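Encoded as structure tokens, the structure appears first; notes follow it.
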Amino acid sequence: MATSGRRPSGFVSLLLLLAGVLLFWMTVPNLGTAARAATADGPRGTFTAARLVCVGHSGHTSCEWSGTFRSDDGTVELTDVKLYGSGRNTFDAGQTAPAVDVGNVGRVYAPTGSRSWIITVVLVLVAYALLVAVARRHLMPPAAPGEKRPLDHHTV
């Protein structure tokens, strides 16, 4: 934050602006799905495990079961979907479990809901903070020499 009357760096502001816009672009469209996943809001049905899908990255392997979902009333049938939160030892091929389709393409959830919304909300808040920082840098007048800004918590 520039409190000495200097102009804020345009390059740093551009980076903050791009990061904030990118985070908003990635997260805001997923808020509805995240809320539905948290509350397990959607057609209830049965997930049938077909195969274990594992992805390795940075020395860590993450596995989820892929299979089919069929709603209890038969109106929704999804193939090649993953059950969020299923792990290596959750199923054997052909086993079934209750699940909910919340509208997240390629993924169904347990009827107890999901905590995946937390990361989405945190990223939206980070994006908001970045955009507020850019706005404060460029829309608020610089402090006069020796004057403290109301929101500054340190001494000049």
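Within region 108-116, can one find any residue that is exposed (fewer than 14 other Cβ atoms within 10 Å of the Cβ), on the phi > 0 side of the Ramachandran plot and touching a residue at least 24 places away in the same chain (Cβ under 8 Å)? No, every residue in region 108-116 fails to be exposed (fewer than 14 other Cβ atoms within 10 Å of the Cβ), on the phi > 0 side of the Ramachandran plot and touching a residue at least 24 places away in the same chain (Cβ under 8 Å). The set of residues in region 66-83 that are of a type outside the set (A, V, I, L, M, F, W, C) and assigned to a strand (DSSP E or B) comprises SER66, GLY67, THR68, ARG70, SER71, GLU77, THR79, ASP80, LYS82. Set side by side, the residues THR48, THR75 differ, and just one is surrounded by 13 or more Cβ atoms within 10 Å (Cβ to Cβ) and over 22 Å from ALA34 (Cβ atoms), which is THR48.
Evaluation of SER86 against the conditions (1) among the polar types (S, T, N, Q); (2) in a strand (DSSP E or B); (3) closer than 16 Å to SER116 by Cα shows that the sole unmet condition is (2). Does GLU64 fit the bill of being free of Cβ contacts under 8 Å to residues at least 12 places away in the same chain, in contact with a Phe, Trp or Tyr (Cβ under 8 Å, 6 or more places away or on another chain) and not assigned by TED's automatic domain parsing to the domain that holds ARG137? Criteria not met by GLU64. For VAL134, the conditions (1) of a type in the set (A, V, I, L, M, F, W, C); (2) modelled with pLDDT of 95 or more; (3) farther than 22 Å from ALA37 by Cα all hold with the exception of (2). When SER62 is tested against the conditions (1) surrounded by fewer than 18 Cβ atoms within 10 Å (Cβ to Cβ); (2) in contact with a strand residue (DSSP E or B) (Cβ under 6 Å, 6 or more places away or on another chain); (3) modelled with pLDDT of 90 or more; (4) within 22 Å of GLY113 (Cβ to Cβ), the lone failure is (3). Among the criteria (1) surrounded by 11 or more Cβ atoms within 10 Å (Cβ to Cβ); (2) under 24 Å from the mean Cα position of the chain (by Cα); (3) farther than 19 Å from SER114 by Cα, the one TRP25 does not fulfil is (1).
The residues on offer are LEU16, LEU31, LEU83, and the sole one that is surrounded by 18 or more Cβ atoms within 10 Å (Cβ to Cβ) and under 30 Å from ARG137 (Cα atoms) is LEU16. When the residues of region 10-55 are filtered to those that are basic (Lys, Arg) and touching a strand residue (DSSP E or B) at 6+ places or on another chain (Cβ under 6 Å), the one that is farthest from LEU78 (Cα to Cα) is ARG51. Taken together, the residues in region 89-136 that are within 25 Å of THR61 (Cα to Cα) and part of a helix (DSSP H, G or I) amount to 6.
The values are calculated or read from the model by the stated rules, or taken from the named source; none is laboratory data. In this text, all values refer to a predicted model and were calculated from it rather than measured experimentally. No Cβ is skipped: glycine too gets one built from the backbone with ideal geometry, and neighbour counts run over all protein chains shown.
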